[in-house]
Amino acid sequence: MTKLWYAGIGSRETPPAYLGMMQSIGCELGKTGWGLRSGAAKGADTAFEIGCSTVMGIKQIFYAGDIGVNQLTQAPNGDYRGSVAVCKLVARAVHPNGRNLSPQALELHARNTYQLLGPDLNTPVKFVVCYCTKDDKGHYMGGTGQALRMALLLNIPIMNLADYNPTDKEVLLGHIRHVSRFHTEVLKEEDFK
């Protein structure tokens with residue numbers, strides 16, 4: 001399995017102009033051996049997954065339970081080695097209002113932990129590509145905001161498409177290619193040590 005994982009996540013309300021960019025990114029990274037971790041939500045998550053699937057790329061899609069707060073659905077390898085309880089603890093600790101999360105919200109935020117750290121909670125993504133708006137104080141908002149707060153704590157680089165003009169697709173893909181090549185070269189060097 002790949003050592004190269006990125007998280008492709010974002011708002012369910014991602015503007016359509018950015019969804020096409022996300023499909024292109026999912027396709028580009030899938031072609032070069034990067035695995036996608038995402039959450040199957042409408043909007044951004046689905047766009048990344050469509051792009052990845054177009055080239056039969058590797059992906060791990062993590063589902064939260066239905067409204068009834070069922071357990072997290074299993075990852076493609078059929079195994080959640082990381083404890084759901086640990087993911088919920090992380091979600092409460094990172095969320096600014098963690099003690100007051102509803103069971104449904106807690107389930108969704110716990111899923112973000114798997115998206116960033118993998119099913120074993122020990123295989124972090126190399127970077128996050130997302131679409132996430134900020135509030136008037138500059139804080140990331142929504143469920144994607146939770147994942148990005150966690151990424152910041154873990155020193156995982158974030159590329160927020162909201163910071164880019166959607167017509168600058170080639171500029172953005174150039175940045176993605178640069179970041180993905182850097183990590184690929186670092187991993188190749190590690191293999192020889």
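The values are calculated or read from the model by the stated rules, or taken from the named source; none is laboratory data. Everything numeric in this text was worked out from a predicted model, so none of it was measured. Positions of Cβ are generated from backbone atoms using ideal geometry, with glycine treated the same way; all protein chains shown enter the neighbour counts. Heavy atoms of the whole protein, side chains included, go into the accessibility calculation; ligands, DNA and RNA do not. Shrake-Rupley method; radii C 1.70, N 1.55, O 1.52, S 1.80 Å.
Only protein heavy atoms count here; on that basis, with a 1.4 Å probe, Leu19 has an accessible area of about 40 Å². In this view, the solvent-accessible surface of His139, computed with a 1.4 Å probe and all protein chains in place, comes to about 100 Å². Amide H contacts of Gly10 (H built 1.01 Å from N, in plane; Pro and chain starts excluded): Asp45, Tyr131 sit under 5 Å, all sequence-distant by 5 or more or on other chains. The accessible area of Ile58, taken with all protein chains in place and a 1.4 Å probe, comes to roughly 70 Å².
Sequentially through the range 95-111, phi angles give Karplus couplings (6.51, -1.76, 1.60; θ = phi - 60°) of 6, x, 10, x, 5, 9, 5, 5, x, 5, 5, 4, 4, 5, 5, 4, 4 Hz, Gly and Pro residues having no value and appearing as x.
Accessible surface ranking for Tyr63, Tyr164, 1.4 angstrom probe, highest first: Tyr63, Tyr164. Around the Cα centre of the range 85-154, unit charges on the Cβ atoms of Lys, Arg, Asp and Glu (plus for the first two, minus for the last two) sum to a dipole of about 100 debye.
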